[in-house]
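> Please see the structure below; I have some questions.
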Number of protein chains: 2
Amino acid sequence: MAKVQNIKGMRDHLPPAMMLRQHIVATITGVCERHGFEPLQTPIIEYAEALEGKLGDDESLIYRFEDHGGRRLALRYDQTVPLARVVAQYAGQITLPWRRYALGPSYRGERPARGRYREFYQADADIVGSSSPLADAEIVAMLTESLTALGFPDFVTMLNHRQIVGGVARASGLDEASAGGVYRAIDKFDKIGADGVRDELLRGGVSAESAAQILALVQIEGPPAEVLAALSERLAGDERALAALENLRAIIDGLGQMGVPPERYKVAPRLARGLSYYTGLVFEAITPHWPEGSLLGGGRYDELVGQFAGRPIPTVGLAFGIDRLHDVMEELKIGPRPATTAVAYVTIFGPEQMADSLALARELRAGGVNTLISLDSGGLGKQFKDADRKGVSYALVLGPDEIARGEVVIKDLRGGGQRAVPRAEVVAALGEA
Amino acid sequence: MAKVQNIKGMRDHLPPAMMLRQHIVATITGVCERHGFEPLQTPIIEYAEALEGKLGDDESLIYRFEDHGGRRLALRYDQTVPLARVVAQYAGQITLPWRRYALGPSYRGERPARGRYREFYQADADIVGSSSPLADAEIVAMLTESLTALGFPDFVTMLNHRQIVGGVARASGLDEASAGGVYRAIDKFDKIGADGVRDELLRGGVSAESAAQILALVQIEGPPAEVLAALSERLAGDERALAALENLRAIIDGLGQMGVPPERYKVAPRLARGLSYYTGLVFEAITPHWPEGSLLGGGRYDELVGQFAGRPIPTVGLAFGIDRLHDVMEELKIGPRPATTAVAYVTIFGPEQMADSLALARELRAGGVNTLISLDSGGLGKQFKDADRKGVSYALVLGPDEIARGEVVIKDLRGGGQRAVPRAEVVAALGEA
């Protein structure tokens, strides 16, 4: 007997879960298309060579195998490297700047845990080939529109810039080489607190004075303009950091002009976000209802996408983790929760009424009502029970009396009760109900 | 430098192709949901053991590998075996009969050819746990509704039954053991013609008399009722074949009552369709515009789905091959062919007009108009060119004069010409255009 189970960390989604996932995906891709993003789909398998050398410590998590022709293949672990390949391979067919979205699964051989899966779905949205701060702002605006449309309460997007984080390290007298440890320590701020970060900095050889300076910088809070002003003062003289602050200011201006509500974002100098990859803006959306970490994030990465093309192609984007959003929405009980796709269930009174019942089902579907037909040859009671167990709202009865009177009986399986309506008005009656 | 190409037989879908694929998928899943089918999603990876032993000669095409924990895994080669696993694994959460649809990729390490890919997407629709002929009819009705909605001209679904094919062999005095060769020969009828089939039967050791009888039987044509009557006469005495004819008659009655137009189906005794799998109805949709083979097919398979559960679970279903449908629609030039997702392109006249232009884009999106904003700091001419190259229909201009007058200029990039409309009427103007 073969194994009758899914692989741990790779989930089956039964209909109720899948309907919520479809709602999440439709909401996000709807926002993408309203912004003129175009869909791209690439294979889930790539040449291993194309995927290797970009994941650092996580490289070992890649699923690799040989195909029937002895080629070394790998399952993709994100949709960004395939994007870079596509931009190089089809350069003549793509007009930059290019807004593209992509939806699909990726794979990492991690130890499964709460919110961490080996097969995970992402919806990526990226603007390829533009360094305009408007592009950065549009990505953050889309994040805001998507989470708002999904019904997330009280989320805030924290904004920072790679060169501000670098400036924080430099302002404390550290060179680029030792800055990595500083970023990693800062990145844990929300988990281990100020004292934890100080301890980690000291352990890493940072002087007590520098550690104090770093902690003061990364804890600056307030309205964006004030935070930017305070940082400008403290980072004065650091050209790169000042240019980064200028860039962040332009992005924030864009957010305002795009109508993103001010309570939905703030400048957070302590946001580091895996720095090997990003070159400019970095952001993460958080909510107090999910203290485990960010909902999703992204940023500007001007070097990766051009890697295959052999020239820099500035890019900014984000990845919506469908699994994370799904888990949090289940937890917060937000989003629609239909029991099934069907609204109506057409019973079959008996063989004589079969033709009429099937015709009724057809009329309902033509009128936009998702409709099940009974496959049960048993009595009406058994059919009502079947409809009820399936979570359908209305069972429809078309017996000889109803047919003679040109009526249909609508039995309300949720609210209770039943009523007869003229056949021609059934679609409208279900629409109102 | 890493390989900058996709793997042969696994395709990238750039936006124009992807938009057509989305249209195909939305049309098919729309039909599924109108019939109350529920979505299911399973991982693309399964335990190898669960997938093995079901593909016969094609077993060697399975992509197999070991994961980080040394488990033997495999990429699924269809969505039917995972369905069987789910039905067994979540028996308590599933109410039979269960109508489920599933969309996703599957993998077979075949030699790539026209219409044959190593990564291929399928939309499966199955009714699990019912042996009612209404279930068979509903599946064929959904095929008809889907191909009609997609705009396929002149398609016909050929219907047959496993036990009619068996009866044809038995009527020629052949036992079940040697029947396999007969099915395979018959199955080639549309490719090699009557003479070709006769030659193959003779080579397989069938007598000239039996071969003539088989050929006469499989060439019976005409309206369903006549074909069924002719077959009843010739297969009289073969209980299984007569029961099959009775079943096919009930399915055809159902098709009529479900409103499937009679020109969309016929009984074709020569349709064999990979017989190891099917136990009852088999069908394939064909069109003269695609002589290379069938568009898609399916049938009843009462043994496979219960294999993991350890009890028979009668099931009927079909698989829409998205790649095949896509290729044929490209060839026939049917289906929508939008150049891009965006309808409008909001230019940015200059820094002073930025805020107004971004507000306009927001209004358009709120009004349901997919809208790009310019990221180009160059002049209007350059922005018009960018909009044109992207395939957008309308470029919108909001210069100082327009702002002063409360107007927006709409430049028609396809039809030519431009006109000024009051700002409040822009959404309506684009809707009409």
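The values are calculated or read from the model by the stated rules, or taken from the named source; none is laboratory data. Just so it is clear, the structure is predicted and the values come from calculations on it, not from any experiment. Please note: Cβ atoms are built from the backbone with ideal geometry, for glycine as well, and neighbour counts cover all protein chains shown.
> Read through the list (1) modelled with pLDDT of 95 or more; (2) on the phi < 0 side of the Ramachandran plot; (3) surrounded by fewer than 23 Cβ atoms within 10 Å (Cβ to Cβ); (4) not hydrophobic (A, V, I, L, M, F, W, C), then give the number of the only condition that A:ASP126 fails.
(3)
> Right, another one. Report yes if some residue within the stretch B:246-256 is more than 14 Å from chain A (Cβ to nearest Cβ) and either touching a Ser or Thr at 6+ places or on another chain (Cβ under 8 Å) or not in a helix (DSSP H, G or I) (or both); otherwise report no.
Checked the stretch B:246-256: no residue is more than 14 Å from chain A (Cβ to nearest Cβ) and either touching a Ser or Thr at 6+ places or on another chain (Cβ under 8 Å) or not in a helix (DSSP H, G or I) (or both).
> Does at least one position in the stretch A:155-177 carry a residue that is surrounded by fewer than 20 Cβ atoms within 10 Å (Cβ to Cβ), modelled with pLDDT of 90 or more and under 30 Å from A:ILE24 (Cα atoms)?
yes
> Return yes or no: is B:ARG184 closer than 30 Å to B:ALA250 by Cα, buried (at least 17 other Cβ atoms within 10 Å of the Cβ) and touching a residue at least 60 places away in the same chain (Cβ under 8 Å)?
No: the conditions fail for B:ARG184.
> Which one of A:ARG85, A:ARG11 is basic (Lys, Arg) and under 17 Å from B:MET18 (Cβ atoms)?
Going through A:ARG85, A:ARG11 in turn, just one is basic (Lys, Arg) and under 17 Å from B:MET18 (Cβ atoms): A:ARG85.
> Also, I was wondering about something else. Return only the number of the condition from (1) within 20 Å of B:GLY167 (Cβ to Cβ); (2) within 32 Å of the chain's Cα centre (by Cα); (3) assigned to a helix (DSSP H, G or I); (4) among the small types (Gly, Ala, Ser) that B:ALA211 does not satisfy.
Against the list (1) within 20 Å of B:GLY167 (Cβ to Cβ); (2) within 32 Å of the chain's Cα centre (by Cα); (3) assigned to a helix (DSSP H, G or I); (4) among the small types (Gly, Ala, Ser), B:ALA211 comes up short only on (2).
> Is it the case that B:ASP67 is more than 8 Å from chain A (Cβ to nearest Cβ) and acidic (Asp, Glu)?
Judged against the criteria, B:ASP67 is not a match.
> Let me ask something else about it. What about A:GLY317, is it farther than 22 Å from A:GLY415 by Cα and in a loop (DSSP other than H, G, I, E, B)?
no
> Just to be sure I understand, how many residues within the stretch A:86-108 are touching a helix residue (DSSP H, G or I) at 6+ places or on another chain (Cβ under 6 Å) and at the interface with chain B (Cβ under 7 Å from one of its Cβ atoms)?
So the count comes out to 1.
> Right, next: Among the residues of the stretch A:345-369, which ones are assigned to a loop (DSSP other than H, G, I, E, B), in contact (Cβ under 8 Å) with a residue 60 or more places away in the chain and more than 9 Å from every other protein chain (Cβ to nearest Cβ)?
Answer for the stretch A:345-369, where residues must be assigned to a loop (DSSP other than H, G, I, E, B), in contact (Cβ under 8 Å) with a residue 60 or more places away in the chain and more than 9 Å from every other protein chain (Cβ to nearest Cβ): just A:GLY367.
> Quick check on my filter: what residues within the stretch A:53-63 are at the interface with chain B (Cβ under 10 Å from one of its Cβ atoms) and buried (at least 16 other Cβ atoms within 10 Å of the Cβ)?
A:LYS54, A:ILE62, A:TYR63 - these are the residues of the stretch A:53-63 that are at the interface with chain B (Cβ under 10 Å from one of its Cβ atoms) and buried (at least 16 other Cβ atoms within 10 Å of the Cβ).
> Based on this model, can you work out whether A:PRO43 counts as surrounded by fewer than 24 Cβ atoms within 10 Å (Cβ to Cβ), facing chain B (nearest Cβ under 9 Å), closer than 30 Å to A:ARG72 by Cβ and at pLDDT 95 or above?
Yes; evaluated as a whole, the condition is true for this residue.
> Which condition number in (1) closer than 24 Å to A:LEU150 by Cα; (2) surrounded by 15 or more Cβ atoms within 10 Å (Cβ to Cβ); (3) more than 8 Å from every other protein chain (Cβ to nearest Cβ) is the one that A:HIS13 fails?
The single condition A:HIS13 does not satisfy is (3).
> Another one. Any residue that is closer than 17 Å to A:LEU40 by Cβ and within 7 Å of another protein chain (Cβ to nearest Cβ) - is there at least one of those in the stretch B:22-31?
Yes - at least one qualifying residue is present in the stretch B:22-31.
> How about the stretch B:66-80: which of its residues are buried (at least 19 other Cβ atoms within 10 Å of the Cβ) and either within 23 Å of B:LEU318 (Cβ to Cβ) or of a type in the set (Phe, Trp, Tyr) (or both)?
Passing the criteria: B:LEU75, B:ARG76, B:TYR77, B:GLN79, B:THR80.
> To continue, here is another question. Identify all residues within the stretch B:240-273 that are within 11 Å of B:GLN163 (Cα to Cα), modelled with pLDDT under 95 and out of contact with any Gly (no Cβ under 7 Å at 6 or more places or on another chain); write none if there are none.
Hits for the stretch B:240-273 are B:PRO269, B:ALA272.
> Could you check A:LYS8 against (1) in contact with a Lys or Arg (Cβ under 9 Å, 6 or more places away or on another chain); (2) assigned by TED's automatic domain parsing to the domain that holds A:LEU143; (3) in contact (Cβ under 8 Å) with a residue 12 or more places away in the chain; (4) among the charged types (D, E, K, R) and say which number it fails?
With respect to (1) in contact with a Lys or Arg (Cβ under 9 Å, 6 or more places away or on another chain); (2) assigned by TED's automatic domain parsing to the domain that holds A:LEU143; (3) in contact (Cβ under 8 Å) with a residue 12 or more places away in the chain; (4) among the charged types (D, E, K, R), A:LYS8 is out only on (2).
> Given (1) touching a residue at least 40 places away in the same chain (Cβ under 8 Å); (2) assigned to a helix (DSSP H, G or I), identify the lone condition not met by A:ALA26.
(1) is the only condition that A:ALA26 fails.
> Separate question: Hand me the list of strands (runs of 3 or more DSSP E) wholly inside the stretch B:57-173 holding 3 or more residues that are without any contact (Cβ under 8 Å) to a residue 24 or more places away in the chain.
Passing ranges, in order: B:64-66.
> For the stretch A:117-159, which positions are within 19 Å of A:ILE44 (Cβ to Cβ) and not small (Gly, Ala, Ser)?
Matches in the stretch A:117-159: A:TYR117, A:ARG118, A:GLU119, A:PHE120, A:TYR121, A:GLN122, A:ASP124, A:ASP126.
> Do you know which residues across the stretch A:370-401 are without any contact (Cβ under 8 Å) to a residue 40 or more places away in the chain and in a loop (DSSP other than H, G, I, E, B)?
Within the stretch A:370-401, A:ASN370, A:SER374, A:LEU375, A:ASP376, A:SER377, A:GLY378, A:GLY379 qualify.
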